Amino acid sequence: MTTTSRLRALTRHHLFWPVAVLIGLLLVNVPFTPDFFSVKMTDGHLYGSLVSIVLFGSPLILVAVGMTLVIATGGIDLSVGAVVAITGALTCSYISDQADQSALSAVFLAMGIGLVAAVVCGLWNGFLVARMGIQPIIATLIIMVAGRGVAQLITDGQIITINSEPYKLIGGGYWLTLPFSIFVVAVVVAATMLLTRRTALGLLVESVGGNAEASRLVGIRSARIKIMVYVFCALCAGIAGLMISSNTSAADGNNAGLWIELDAILAVVIGGTALTGGRFSIGGTVLGALVIQTLTTTIYTIGVPTQTNLVFKAAVVIAVCLLQSPKFREKVFGRKTRRKVTVPAQPVAPVEPAPKTEVSR
Amino acid sequence: MAEPRPVLQMTGVVKEFPGVRALSGVDFRLFPGEIHALIGENGAGKSTLIKVLTGVHSLDGGTITLDGESVEFTSPLQAQQAGISTVYQEVNLCPNLSVAENIFIGREPTRGGRIQWKRMRKEAAELVDRLGLDIDVAAPLSSYPLAVQQLVAIVRSVGTGDRETPGSGAGQAPGSGTATKVLVLDEPTSSLDRDEVLELFRLMRQLRDDGVAILFVSHFLDQIYEICDRMTVLRNGTLVGEHLVRDLDQVGLIELMIGKALDQLEELHEHQLHSDVGETLVKAEGLGRSGKISPFDLEIKKGEVLGLAGLLGSGRTELARLLFGADHPDTGKVTIGGKQVSMSAPNDAIGAGVAFCSENRRTEGLVPDLTVRENIILALQAARGWTRPIPASQRDELVAKYIKALDIRPANPEARVGQLSGGNQQKVLLARWLITSPQLLILDEPTRGIDIGAKTEIQRLVVSLSEDGMSVLYIAAELEEVLRLSHTIGVLRDRKLVARLANGPEITTSRILETIASGEHQ
Amino acid sequence: MTATAQKPKAAANGTASRTTRLLADPRLPVLVTAALFLAMYGGGLSRYTNYGFGEPQVFLNLFIDNGYLLVAAIGATFVILSGGIDLSVGSVIGFTTMFTAWLVERQGLPLVLVVPIALGVGAFGGFLMGYVIHNFEIQPFIVTLAGLFLFRGLCLVISKESISVSDPSVDTLAQTRVPLGLGELSIGALVALAVLAVAYYVLHHTRFGRRVYAIGGNEQSALLMGLPMGGTKIAVYTVSGFCSALAGLLFMLYIQSGDPLHAVGMELDAIAAVVIGGTLLTGGSGYVVGTLFGVLVLGLIKSLITFEGTLSSWWTKIATGVLLCAFILIQRTMTGRKKT
Amino acid sequence: KEDGKPSGSTGGGGKALTLGFSQVGSESGWRTANSESVKSAAKEAGYTLKFSDAQQKQENQISAIRNYIAQKVDVIAFSPVVVTGWDAVLKEAKAAKIPVVLTDRSVETSDDSLFVTLVGSDFTDEGRRAAKILEKVLEKAGHKGPVKIAQLEGTTGAAPAIERAKGFKEIMDADHKDDWKIVVSQTGDFTRAGGKQVMAAFLQSNPDINVLYAHNDDMGIGAIQAIEAAGKKPGKDILIVTVDGVKDGFIAMSEGKINAIVECNPLLGPQLMDVVKKVKDGEKVERWIKTEESDFLQDQAKDALPTRKY
Ligand SMILES: Nc1ncnc2c1ncn2[C@@H]1O[C@H](COP(=O)(O)OP(=O)(O)OP(=O)(O)O)[C@@H](O)[C@H]1O
Ligand SMILES: Nc1ncnc2c1ncn2[C@@H]1O[C@H](COP(=O)(O)OP(=O)(O)OP(=O)(O)O)[C@@H](O)[C@H]1O
Ligand SMILES: [Mg+2]
Ligand SMILES: [Mg+2]
């Protein structure tokens, strides 16, 4: 009895299904790659599938975390992919102009420039959404379209290759035998959690997303909060942009972060945040992003033919969503234990005896 | 017709929500041609019973029979098709559609599949007219205040019951063509004023005489005694009794409801207003907004309770919204505590110590996904800014205090507000503003949907707050309520502040009604 | 005792000034979009007359070149009005081109048979998505995103290579031009306009159409009002699937080939067109006529950029973004700022 | 030029020739170099160039061509996004007597007279060349035993990806049926990030891979990074053959990390202008003008590097 009820409580936890799916996906790999879970030391750092999942998944986690807050306010940010491209392009083009590409100061300055550009994009999105009252999807579509053009303008349509050891660290390097990006992600996620849960930001964000008019009437400066989350989201995308360009030591204005917005939104939803705004879960988003990255890796390792990649992905996404839907579980597994009629044990109250006809006719 | 048979019978109805048992084995029956009151405190399970009946919630136990046949609806549509017409507690209409469409949607008059717009508007206007409403049925519903929306919802449900109106010809009834057998009204009168209530009652009687069984929920006991034939009392999700109205007096009823002898509910009937109000706190000069309310001058003193009286749509809410900066005024200025405040957004007013508790708790008040605790502290937190969260201990203490003071049930600060009963939601909203301890508290129908016990409690609270020096702008549909609490009464008519009456023994409800009617007075 | 009280007469009409009323009119965004479109067209005229921009055919080409987008956007309008979203549009279009090309060319089926099959498949796809969205209460964004992956994947499963359609009946259909006084329109454009007319009728003059608005206005209320929610929702996605498939057929006529990468990202164009046309993404407010202007605006932006003719690849993107942005901002200021 | 329509020149005389050029997009460095080459060559030749970018969408390209027809340009040139579906618009061009030149890749049409000539390379042939050069690479490396190939494909469904795979397989099936085997093949979307990520997964699931064939340099470069992260030596433990020949590819090759590159030359601007002029003047041109391309092995890398402009 207690074990089943504990199991119940466990399955009710909002992170249960994302975790279950993640574990399931990881296990799928084992028959194809028996040493999938093994992690070994190579060249002084850890190496293995799990490590690469985290390494390659880092940018997605970052973007998705930023996206979570935007979605929680009832918005959406389609421009993250373009911001990824712009940041990478600016940073790399600055570094590539340097005589000494490995000079720390130059690298920091370059990253600063890139991130400032990201913040500017975020401010613009925030301005359009919060001050001008333009629907988020269309407001951010502008940068989604134009931003990639800007990124290519910066790179001149070429792929800018750089050769900077310190810059390489962020997205492709290792520290304490672990991919450095793990630490970046950990810091950003921790900072986000602190920022939203240790201050009142989380509450206000959820309030704005849950009922915008009510929030206005309690005096929440929702415009400010919205601008903040768009800036934050762009900043996260910017850091992801640094990572992606650092990972390959190259900035690709056209392809960097292409369609990452869809994956990020998917991650947010798998993590249990509703697209309509309101309650959000950063932990869920991180899990969601890991699920997606694992799915991608799985597709590569188990040898799915290229032409069926997308069908496979669709199947998994549908399966995940169905599993997460209480309605579905109820309909398929549940048989919903209805009719466990619990007739009252209470002394039934004095019901008037005769149904006197009270018709006033 | 020897042995009258209930048109509707529910036996042993059980409904559980995670963590709450909202109904435990309730029996209920409804006879044709009667008006049956369902009574209970906030959170007793009235709305839940209605929702279980009409297929909004699934049944966890028990049976429902309609016309002798066992039924279990899985959607409101099915219930409607079986002849149960319902007005739910919160206004559930589509604000983006026109009034006429809201009345007819799902059963628009059509010819060859094409909606007959003209006919629909004409019939809608007729139906609306029967409730004494004079509004443009082609205008979107959202352009009307809550009370009008409430009436439209009623029109929608009753209008279909007796559409044998000769003018409309066809007489094809709602949905599948069944006539209304059961009409369910969950607190339809909570924001209506006297006139509308009378109109509604007239209509209800007419329907009853036609043999429709009516289930009526209200917290106004007077109304129940005025119109109902029989009543069922719920307490805490259990049935405590079914009585003929004439067999049970108010005192007995209240005792049944709250489960203990009632002590001093009447107490407030006396004017016990303190007379020493302070200097002017708020001063509005020429404040107005075109199309909403004509420019008005208003003064509220420290510790004064200013009540607003007026009929539905007279502009009380609009006035309050302007004072709070919820709408942008076209003209005029406001000074609070001697300083002029720019009223461009609620923030300005809040900064100057004004609080506004909206009449429309669902769209303008609560954030349904957040917990009781979060909803309560929201205004205070917004005022402090996001960087300074309220310390957890202080927060929990405050929340616990108000949950207790207002008797919010369930007394669980972690419960989602959207799952609370209507009355309890209202209390949460009140608590939210009370903890900000404002200088001027604007209460727009704060007792809407609140049971009598809590209502007295709230009124007492208002009195004591004003004694402590808080100014209150009080709006209520019930004139008596305004009269009981206010030092001064502002009378509105046709969106114009027409008079200010100092409260005193000579001021009575009829006096106020006269003022409203004549429109001019000093 | 209340006999003395006179009912205040409704005054909603007189008092509200004309401008306030105009600003509140839900039709305003459509009018503004239309006006801005004309203004933009005028701008193009004055700038590129020498390059033949003034020819009526250039205007008609907007319809010829965007007919398929119009049909897809009309489907999207239904979904968005109901408060949902459909991301599978582009993929379904791509899939339809691929599927029909495959049936016609590789399987040798006659076109008269292929067209209904393709439309049926599209509609069924939409139906399935609607079914999942409604019955399992999963967010439409995600379900249709899965649809996006699925249909794009199915394209590739049919064939990785593009299939050229050389069926003579497709040829004739594609090349038929209907003269229209000043210029000519293609079959595709005419079909698109017909779909627009039907959609307008359905949305404004049938019960189904009004239910779509009701659900978009407030889903919970619509349910409690006893509207057949599930049916409507599923129908809306079915309509969208159908329109996408029809758009796919028109697209196939337009380019006479099936290719697994056709119409990638077109869902965003469709959604953008709907929103530019004044429809609210939150649902319940908007007009399908607005969608027409949304599509025309997007098409015009493309045309203007081609006529400009000197833009490098990235400036093309930037210019598209800037024009879009300018358009939206002007539209926004003209319709008056509402609180979000 | 069996249809002889290029003679329908409108003005000639002093007026500069107008060329409408519709580019696929700017999806890669290769493509950008291609656009630049066309632009600068047009400038040099003194032609008025109408350039438009289709953002990888055929419909954009079609409407661009329609617009060129409306603008009555002298010659239309374009790099088709896909090979099919051009008949209608090309017929319109023909009706308007505007000659059409294809660049970069061909189209499938029912009527050969719809375009005059193709200036460009052949993706299938590149695949074949890649297989051929792999033979040399294996020989040079003294490789013995089975050849386990990992293939990094381009964007699924894109013509270069399909044809480069096809050509490679053709030779493989013909000459190396027994000893060569493609053990894994996935798309890396023509990008470095894609190449790196996919290669990392390959190395996990198939650690015994010893040859990599990447459909473009960028994916190859990404894969090199993944190989290095796995502690292996690109160019030694795993032999690498790529297609394209961008500068970064040559740099990697000169560092010994790529073993061979099959060139696919984007700089066809001057050739195109030549052809345009000829077409305009009604001269006879060949049906397919191949670009000058060669294959490079590691020892040629150092010398070839300075010639790489993009
Ligand atoms: N969806 C829900 N989820 C969880 N609990 C609910 C839900 N709906 C109602 N409840 C709980 O059921 C109980 C009965 O609520 P109900 O709304 O029926 O009360 P009521 O009698 O209508 O009160 P009121 O007079 O305030 O409207 C309350 O404790 C409420 O919190
Ligand atoms: N016949 C009418 N009855 C009621 N309201 C109307 C009528 N005609 C117009 N209205 C609307 O009423 C609004 C004023 O309503 P307001 O909410 O201020 O009234 P109120 O006095 O607060 O009434 P209540 O809150 O009881 O509905 C006006 O903006 C107007 O749009
Ligand atoms: Mg209730
Ligand atoms: Mg009011």
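A few comments on the model shown:
- Meets criteria (surrounded by fewer than 18 Cβ atoms within 10 Å (Cβ to Cβ), in contact with a Pro (Cβ under 9 Å, 6 or more places away or on another chain) and of a type outside the set (Gly, Ala, Ser)) for C:Leu156: no
- Among the residues of the stretch B:276-308, those that are within 14 Å of chain C (Cβ to nearest Cβ) and more than 9 Å from ligand 2 (Cβ to nearest atom) comprise B:Gly288, B:Arg289, B:Ser290, B:Ser294, B:Pro295.
Residues checked against (1) crowded, with 19+ Cβ neighbours inside 10 Å; (2) within 16 Å of ligand 2 (Cβ to nearest atom); (3) among the hydroxyl-bearing types (Ser, Thr, Tyr); (4) away from every other protein chain (no Cβ under 14 Å):
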site: B:Pro346; (1), (2), (3), (4): yes, no, no, no
site: B:Leu370; (1), (2), (3), (4): yes, no, no, no
site: B:Gly385; (1), (2), (3), (4): no, no, no, no
site: B:Ile408; (1), (2), (3), (4): yes, no, no, yes
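- Only one of the numbered conditions (1) away from ligand 1 (no atom under 12 Å from the Cβ); (2) more than 8 Å from every other protein chain (Cβ to nearest Cβ); (3) assigned to a loop (DSSP other than H, G, I, E, B) is violated by B:Ala44, and that is (1).
- So B:Asp186, is it more than 23 Å from B:Leu215 (Cβ to Cβ) and either within 16 Å of ligand 1 (Cβ to nearest atom) or modelled with pLDDT under 85 (or both): no
- Meets criteria (within 19 Å of B:Cys357 (Cβ to Cβ) and not assigned by TED's automatic domain parsing to the domain that holds B:Gln150) for B:Ala415: no
- Within the set D:Leu212, D:Leu138, the sole residue that is crowded, with 24+ Cβ neighbours inside 10 Å, more than 13 Å from every other protein chain (Cβ to nearest Cβ) and either without any contact (Cβ under 8 Å) to a residue 24 or more places away in the chain or more than 25 Å from A:Val311 (Cβ to Cβ) (or both) turns out to be D:Leu212.
- Just one of the numbered conditions (1) at negative phi; (2) not in a helix (DSSP H, G or I) is not true of D:Lys97: (1).
- Criterion applied to B:Val158, B:Val99, B:Val87 was being within 16 Å of ligand 2 (Cβ to nearest atom) and assigned by TED's automatic domain parsing to the domain that holds B:Thr180, and the one residue passing it is B:Val99.
- Selection within the stretch B:17-32: residues that are in contact with a strand residue (DSSP E or B) (Cβ under 7 Å, 6 or more places away or on another chain) and away from ligand 3 (no atom under 16 Å from the Cβ). The member of this set that is nearest to the other protein chains (Cβ to nearest Cβ) is B:Gly25.
- The stretch D:103-114, residues that are of a type outside the set (Val, Ile, Thr) and surrounded by 24 or more Cβ atoms within 10 Å (Cβ to Cβ): D:Asp104
- Per-region count, the stretch B:386-421, residues part of a loop (DSSP other than H, G, I, E, B), among the acidic types (Asp, Glu) and out of contact with any Ser or Thr (no Cβ under 8 Å at 6 or more places or on another chain): 1
- Among the residues of the stretch B:309-344, just one is hydroxyl-bearing (Ser, Thr, Tyr), at pLDDT 90 or above and within 16 Å of ligand 2 (Cβ to nearest atom), namely B:Thr317.
- Between C:Leu311, C:Leu227, the distinction of being outside any helix (DSSP H, G or I), free of Cβ contacts under 8 Å to residues at least 24 places away in the same chain and touching an Asp or Glu at 6+ places or on another chain (Cβ under 8 Å) belongs to C:Leu311 only.
- As for the stretch A:18-33, it holds no residue that is in contact with a helix residue (DSSP H, G or I) (Cβ under 8 Å, 6 or more places away or on another chain), within 11 Å of chain D (Cβ to nearest Cβ), free of Cβ contacts under 8 Å to residues at least 40 places away in the same chain and not hydrophobic (A, V, I, L, M, F, W, C).
- Scan the stretch A:290-307 for residues that are within 7 Å of another protein chain (Cβ to nearest Cβ) and modelled with pLDDT of 90 or more and the total you get is 2.
- Some residue of the stretch A:84-95 being out of contact with any strand residue (DSSP E or B) (no Cβ under 6 Å at 6 or more places or on another chain), surrounded by fewer than 24 Cβ atoms within 10 Å (Cβ to Cβ), in contact (Cβ under 8 Å) with a residue 12 or more places away in the chain and in a helix (DSSP H, G or I): yes
- Filter result (away from chain C (no Cβ under 11 Å) and either surrounded by 22 or more Cβ atoms within 10 Å (Cβ to Cβ) or modelled with pLDDT under 90 (or both)) within the stretch B:101-125: B:Glu123, B:Ala124
- Within the stretch B:182-241, being away from ligand 4 (no atom under 16 Å from the Cβ), in a helix (DSSP H, G or I) and under 17 Å from B:Val148 (Cβ atoms) holds for B:Leu198, B:Glu199, B:Leu200, B:Leu203.
- Residue count for the stretch D:63-84, restricted to those that are surrounded by fewer than 24 Cβ atoms within 10 Å (Cβ to Cβ), out of contact with any Lys or Arg (no Cβ under 8 Å at 6 or more places or on another chain), at the interface with another protein chain (Cβ under 7 Å from one of its Cβ atoms) and hydrophobic (A, V, I, L, M, F, W, C): 1.
- Where D:Trp180 falls short, out of the listed (1) facing chain A (nearest Cβ under 9 Å); (2) farther than 29 Å from A:Phe56 by Cβ: (1)
- Out of C:Leu196, C:Leu185, C:Leu173, one residue alone is more than 14 Å from chain D (Cβ to nearest Cβ), more than 19 Å from C:Leu128 (Cα to Cα), surrounded by fewer than 24 Cβ atoms within 10 Å (Cβ to Cβ) and touching a residue at least 24 places away in the same chain (Cβ under 8 Å). It is C:Leu196.
The values are calculated or read from the model by the stated rules, or taken from the named source; none is laboratory data. Since this is a predicted model, take the numbers as computed values, not measurements. FYI the Cβ positions are ideal-geometry reconstructions off the backbone, even for glycines, and counts take in every protein chain you see.
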